[in-house]
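Note sheet for the following structure.
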Amino acid sequence: MDGTVLSSLQDPALRGPTGVHVSETGQLLVCGHSHNVVQVDGEGGVVTLASKEDGLISPESVYYSASTGRLIVGNHN
């Protein structure tokens, strides 16, 4: 690894990213000040997995447990 940027993402569905997780299967999960958790695919497509309607308030960390099939999110405060 030499620090070369391979890809970048800007999407209105995600503002102020604060947490990133790459699952065991290579899924990229990102959370942020947009009060959501999104999954980013290999082509840069974004799908919202959880949002403010699900109780997220400025999430700061995200983790997907393959063994339990659960998405674990750490909210601000």
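Kindly indicate whether residue 19 is small (Gly, Ala, Ser) and either more than 11 Å from the chain's Cα centre (by Cα) or surrounded by fewer than 10 Cβ atoms within 10 Å (Cβ to Cβ) (or both). When the stated conditions are applied, residue 19 does not pass them. Between residues in region 5-17 that are farther than 17 Å from residue 43 by Cβ and residues that are not polar (S, T, N, Q), which pairs lie under 7 Å by C-beta distance while being six or more apart or on different chains? As it stands, the answer is 15/32; 15/33; 16/32; 16/33; 17/30; 17/32, since those pairs meet every condition given. Annotation: residue 21 fulfils all but one of (1) of a type outside the set (A, V, I, L, M, F, W, C); (2) over 16 Å from residue 75 (Cβ atoms); (3) not in a loop (DSSP other than H, G, I, E, B); the unmet one is (2).
Would you confirm, using the coordinates I've provided, whether residue 29 is among the hydrophobic types (A, V, I, L, M, F, W, C) and not in a strand (DSSP E or B)?
No, not satisfied.
Tell me whether region 36-55 contains one or more residues that are among the aliphatic types (A, V, I, L, M), surrounded by fewer than 13 Cβ atoms within 10 Å (Cβ to Cβ) and assigned to a loop (DSSP other than H, G, I, E, B). No, there is no match, as no residue in region 36-55 is among the aliphatic types (A, V, I, L, M), surrounded by fewer than 13 Cβ atoms within 10 Å (Cβ to Cβ) and assigned to a loop (DSSP other than H, G, I, E, B).
We did not get these values from a lab; they are worked out from the coordinates using the rules stated. Just so it is clear, the model here is predicted, and its values are computed rather than measured. Virtual Cβ from ideal backbone geometry, glycine too; neighbours counted across all protein chains shown.
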